[in-house]
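The values are calculated or read from the model by the stated rules, or taken from the named source; none is laboratory data. Computed from a predicted structure; not experimentally measured. Don't worry about glycine lacking a Cβ; one is built from the backbone with ideal geometry, like all the others, and counts go over all protein chains shown.
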Amino acid sequence: MRYLGRTLLRAILLLAGVSILCFLFTEMAPGKFFDELRLNPQVSPETIANLRSRYGLDQPLAVRYGRWVRSAAHADFGYSLAYNAPVAPLLWGRARNTLLLTTTAMLLTWLISLPLGVWLAARRGRMLDQAFSIASSFLVSIPEVVIAVALLAIVVRWRLLPLSAGPLNTEGVSPWTHVQDLATRMVLPVTILVFVESAIIVRHVRASVLEVLETPFVQAARSFGIGQARVLFRHVLPAAASPAISLFGFSLAGLVSGSLLTEVVCGWPGLGPLILEATLSRDFYLVIGGIMLSALFMVGGNLIADVMLLAADPRIRTGALDAH
Amino acid sequence: MKVITRLTLLVCLLAGVCLAVGPAPEKPNPGEELFRAAQVSGHYGGQLTIGGRAEPKTFNPVIATDAVSREMIGRLMADLIEINRASQQTEPALAKSWKTSADGRVFTLQLRKGIRFSDGHRFDADDVLFSFAVYMDENVDSPQRDLLIIDGKPLAVTKIDQYTVRFTLPRPYAAAERLFDGLAMLPRHLLEKPYREGKFIQSWSLNTSANEVAGLGPFRLKQYVPGERVVLERNPYYWKVDSHNDRLPYLDELTFLFVGTEDAQVMRFEAGATNMISRLSSENYNLLNRERNRTGAQLSDLGPSLEYNFVVFNQNDLSSKKLDAIVRKQKWFRDLKFRQAVSAAIERDAIVRLVYGTRGTALWGNVGPGNKLWVNSAIAHPQASTATARELLRSAGFSWNPSGQLFDSSGARVEFSIITSSSNTQRMKMATLLQDDLSHLGMQVHVVPLEFRALVDRVFQSFDYDAAIMGLGGGDADPNPEMNVWTTQGTSHLWHLNETQPETAWEGEIDRLMQQQMVTIDYNKRKQLYDRVQHLISENLPFIFLATPNVLAAADSRVGNFHPAILDPYTLWNVDELYIRTPTESAGVR
Amino acid sequence: MRTKTAILIAALGALHLALLCAGFIAPYDPVAQNREVPYAPPTRLHLHDASGWHLRPFVFRWTLADDGYLEDKSHSFPVHLWTTGSSYKFLGLFETTRHLFSVDSPATVALFGTDGFGRDEFSRVLYGGQISVAAGIAATLIALLAGALFGVIAGYYGNWTDQSLMAGTELFLSLPWLYFLLGVRAFLPLHVSPVRTFFLLTCVIGLIGWARPARLVRGIVLSSRTRNYVLAARSFGASDLHVIREHILPEVLGVLMTQATVLVPRYIAAEVTLSFFGLGVNEPVASWGNMLSTLQQYSVLVSYAWLLAPAGALVITSVIYALLADVVQSRLEFQQPGN
């Protein structure tokens, strides 16, 4: 209980710290929102100056921060300069779409990676293991954006999937067609995310399982005649769990922020394209809103991972942590 | 019997549902004074999808600043006078005719009678007055406001009667009627109330429901799906008819799909998810061209665009800033012979070949061959010559050491950096080519890519740069929009911003000439003045011009009346005339 | 196992030797533009012509026709070994003009084709590898060292140290690094030499990258410090440092090695994103990162497949490292306490 309380306090402090640092960082970056207008020779500097002062962009940093905190208290989280609307509603709708994508990808990734990692560890050194090593090196080395463009190019050239599909939100369309539509559109981005994530997770799982496989208690279990699968999944996996749990925490933490490039390339209407454009155009309240959201998920993800770590290894919980 | 009737009803219903994709156009009635597009024919039906780089940010034409919003809003709205993108001349739009006073200051416009907004409400002079009041309101801060302020004084708008409006300019302004293109007429019945309540800026944001947005354009808003698409449907009351007196537009629906980068757009076009692409890079164009026989796509290379890419050297007054390293280099940048040498060393045909895949044109002045009305063909187009460049440098006091490195008269090594936008691959390539060209002169040039807004900050604000590769132009063919670039006090006078008085004779002459052409009504006299301006620019090289890309557009085989133009919005300017061909028609076209 | 290890080490050695001797093996200067042959496909080496088989391979010149490049079969150019060409500094020590192989001009021998400026991809991949591999390894070392340090401290001491360090990692991972990088770029002088860019790159990537390894390490340390042998050692009065060094660190090594095999290629590829913001290695210097960024364009990916060469080189490097790390890890396991 005390642990939870401490973590909650830490979470709140963290979010506050993130928001302050964000303001500082965005201040550091050159270029402000209305700069694009300067390239248009027909707009006068006075208009640009008026626009800036109307949105309070010429106020000192502390004043702007104060306004933002007040706006956060009203659940608005600032005002998007580009959309002329409060930030929060913009984010929620898109966040839903992103979460749809990332939770599906995460489930699939872990469903595939855990068993695969364990299985490959058991077959270490054999053909399949080597093949996987090469494949995962491939996926890890090539930047995600190149993988995304390459896969999209393959889909287009070989007409594997229909790229035109109905919009994500439609009323008046039967639920079954809607789900089918959605599924078709999700295949490509989910595939990209699964490929990229599972390459890393499988490696870690495999490595930590390998470490445990050589320990005495596993040898003992084997010598007692316990079957391979049971040994792997009931004895080895819990002991090898630690890095996997941390990685799981990372997966949770990255639920809203990890799919940005994939969404942009595949045209998925999630947070990715919104935040990317906001970042490049310096629509900074929108950017900060997005960052706070992903910070929230980060804290949540790590919290869950910590809880799981405690659950997996009871010794951490007990007074073994005394003397310090 | 009953079963058959029921079945027939069902069939009719289904057919009705399938056909009723967009609202049927209203039959033209005699009370309406419609615009007859005499050359246009086609047939009704179908849906066109076009990809966009991002989503629009608002439906409000007065406050929209980004290009994507403006492109979409332009399909919902209409102006009093429009510039026909193909001929580049003005033509009557909502104003069926106009008279200009002898001194060119007073425009009296006759509005079309009997036409209605997309929600059926009548349009008249009150809407025009309301629209201009909003555009010129200081509290709204519309970017278009500055267009209507000439010499610091606003345009005066008066209502003569229900269908006649008079505009009085503070002084004569050449091609003033071109100002009206892009000033959308707003529906007073929907927007006056929020305007009076001071809520105009928040009106017509993206979450506005479709029935609250109305305009005089060929389409009206049907649906907005956040992050994904905007669907527009036919405006049943649109004021144009085709050669058979059928009301335009032909299309039932127009969809803007937000697909991101140009590459993603090309891929979707190939996959058949979109029907048109507005501007292509030459690599993508060549890609689509190779498959043209198989796909039947219509590809258009319209020749050189109106943009110009250039190198600008920092000649700003840096006395109040701590940029000593740059001040030392400005000694070279301000020397005309130095700039001439740089210009002589650049291989422009290599730029056209390697950057634009031969689909581009070299430039030596700010007006290229694409602007047929205003280009000065007498300007010299010298070929690249390292020998000439070296001679120029020698005569300016530069010298070379035994390893071929260039030094100035005081013994300092000639070394500088060129900044450019990292997201613009064409300009990055030009920078690399330039770096190589100038290395043959012994100059050490560094290419420094910067994120776009960081670049703008340095060029317009901090002046912390040596040289930059940028692009301007492309808005309109007329010289007036270029005033701010070439006049001393202009806001885009990049090489020497914040200059108050012309520091050289030629800058002073350009000031006078540009001011004069702005008030000269006769085209030939204006051309003479502007020719002289172009000559001065190409002689004195405040910018060293590089090249311009061709305007490249594509549509699939089913799009009829596809006539892209070199002015924005390249493919959608005649969206009211576009139609979807039947399979037999498009097969015939192949 | 032995032969496999030997093969892997030999492969790694050959790779690094090739990169070190880039100047000698590459026939051309990586920045030399040849504007007559942009985007030319790899030069074909022929051994057989009308007059029969030859021992010495020869090439034809590429000429640009309407729809691509054609070999100009009128004149054949044999490939020469131990030739003279553009000058370079061998291993950075002495200037020389000796190259392993080349052909007489005007023909070119571009084994991996040319890029948009007619520059030889093969030469650029070799020179580029020097910068990229070194930067990737250096950045990974920084990230892992910092990560291990903080992870161990957090995991070992627990309570508030743990909480504050983990809060630190969360802070690090949440921040808008883009703006920070842009700010850094704004403060730097406009032109930063490629060497300095390289150092900057590595520091930036390493500094940002410590958070994830730290978390992973901390997780492991949390469980391993409660192991019996650790408790035993502590009850004998062993100092913290001793316990950490002898008992905790070996546990952590496994995770670090796996992370290393993931991070090195990741960081090399991360240069793609950094160059978007002007923090990469600038033109005309070659690096695998800035060569890979041209592959983000669909038309390039589809039309000029040979430009995937740096991606291939990166994959091969990372495969060799991954397989080698696996071998090293299995060796380490045999030495674990409790085995």
### Task
Out of B:367, B:375, report the one residue that is β-branched (Val, Ile, Thr) and touching a helix residue (DSSP H, G or I) at 6+ places or on another chain (Cβ under 6 Å).
B:367
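Of all residues in region C:1-51, which are outside any helix (DSSP H, G or I) and either surrounded by 20 or more Cβ atoms within 10 Å (Cβ to Cβ) or within 19 Å of the chain's Cα centre (by Cα) (or both)? Lay out the reasoning, then the answer.
At the first step, the residues of region C:1-51 found to be outside any helix (DSSP H, G or I) are C:1, C:21, C:26-51.
Answer for region C:1-51, where residues must be outside any helix (DSSP H, G or I) and either surrounded by 20 or more Cβ atoms within 10 Å (Cβ to Cβ) or within 19 Å of the chain's Cα centre (by Cα) (or both): C:21, C:26, C:27, C:28, C:30, C:33, C:37, C:38, C:39, C:40, C:43.
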### Query
Hey, among the residues in region C:291-312 that are at the interface with chain B (Cβ under 9 Å from one of its Cβ atoms) and over 17 Å from residue C:274 (Cβ atoms), which one's surrounded by the fewest Cβ atoms within 10 Å (Cβ to Cβ)?
C:303
### Query
In region A:89-141, how many residues are basic (Lys, Arg) and in a helix (DSSP H, G or I)?
2
### Message
Considering only residues that are part of a strand (DSSP E or B), over 23 Å from residue C:296 (Cα atoms) and either more than 21 Å from the chain's Cα centre (by Cα) or facing another protein chain (nearest Cβ under 7 Å) (or both), which ones fall in region B:421-473?
### Response
B:444, B:445, B:446, B:467, B:468
### Message
Among the numbered criteria (1) within 22 Å of the chain's Cα centre (by Cα); (2) at the interface with chain A (Cβ under 10 Å from one of its Cβ atoms); (3) farther than 19 Å from residue C:298 by Cα, which one does residue B:231 miss?
### Response
(1)
### Query
Would you say residue A:96 is out of contact with any Lys or Arg (no Cβ under 6 Å at 6 or more places or on another chain) and modelled with pLDDT of 85 or more?
yes
### Matching residues, region C:157-180, being closer than 24 Å to residue B:450 by Cα and surrounded by fewer than 20 Cβ atoms within 10 Å (Cβ to Cβ)
C:175, C:177, C:178, C:180
### Message
Just to verify a result, which residue in region C:181-206, among those that are buried (at least 19 other Cβ atoms within 10 Å of the Cβ) and of a type outside the set (A, V, I, L, M), is nearest to the other protein chains (Cβ to nearest Cβ)?
### Response
C:191
### Residues satisfying the stated conditions in region A:72-93, i.e. among the hydrophobic types (A, V, I, L, M, F, W, C) and either modelled with pLDDT under 85 or buried (at least 16 other Cβ atoms within 10 Å of the Cβ) (or both)
A:72, A:73, A:75, A:77, A:81, A:82, A:85, A:87, A:88, A:90, A:91
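Okay, residues lined up against (1) among the charged types (D, E, K, R); (2) in the same structural domain as residue A:152 (by TED's automatic domain parsing); (3) within 20 Å of residue A:148 (Cβ to Cβ):
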| position | (1), (2), (3) |
| --- | --- |
| A:183 | no, yes, yes |
| A:191 | no, yes, yes |
| A:194 | no, yes, yes |
| A:209 | no, yes, no |
| A:215 | no, yes, no |
| A:218 | no, yes, no |
| A:230 | yes, yes, no |
| A:243 | no, yes, no |
| A:246 | no, yes, no |
### Query
Which residues, taken from region C:224-249, are within 10 Å of chain A (Cβ to nearest Cβ) and surrounded by fewer than 20 Cβ atoms within 10 Å (Cβ to Cβ)?
C:226, C:227, C:228, C:231, C:234, C:240
#### Entry: strands (runs of 3 or more DSSP E) wholly inside region B:212-321 that include at least 1 residues being surrounded by fewer than 24 Cβ atoms within 10 Å (Cβ to Cβ) and among the small types (Gly, Ala, Ser)
B:298-304
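When you look at residue B:69, is it free of Cβ contacts under 8 Å to residues at least 40 places away in the same chain and more than 25 Å from residue B:302 (Cα to Cα), yes or no?
no
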### Query
Can you name the residue in region B:474-494 that is more than 20 Å from residue B:447 (Cβ to Cβ) and of a type in the set (A, V, I, L, M, F, W, C) and is also farthest from the chain's Cα centre (by Cα) among such residues?
B:486
### Query
Hey, does region B:494-514 have a residue that's facing chain A (nearest Cβ under 9 Å), more than 19 Å from residue B:427 (Cα to Cα) and either surrounded by fewer than 20 Cβ atoms within 10 Å (Cβ to Cβ) or touching a residue at least 60 places away in the same chain (Cβ under 8 Å) (or both)?
no
### Enumeration of residues in region B:155-174 that are assigned to a loop (DSSP other than H, G, I, E, B) and within 15 Å of residue B:113 (Cα to Cα)
B:162, B:163
### Query
Residues of region B:87-113 being farther than 30 Å from residue B:278 by Cβ, in contact (Cβ under 8 Å) with a residue 60 or more places away in the chain and not in a strand (DSSP E or B), which ones?
B:103, B:104, B:105, B:113
### Message
For residue A:220, only one of the following conditions fails: (1) of a type in the set (Gly, Ala, Ser); (2) farther than 30 Å from residue B:450 by Cα; (3) in contact (Cβ under 8 Å) with a residue 12 or more places away in the chain. What is its number?
### Response
(3)
### Message
Can you tell me which residue is nearest to the other protein chains (Cβ to nearest Cβ) among those in region B:32-86 that are of a type in the set (Lys, Arg) and not in a strand (DSSP E or B)?
### Response
B:57
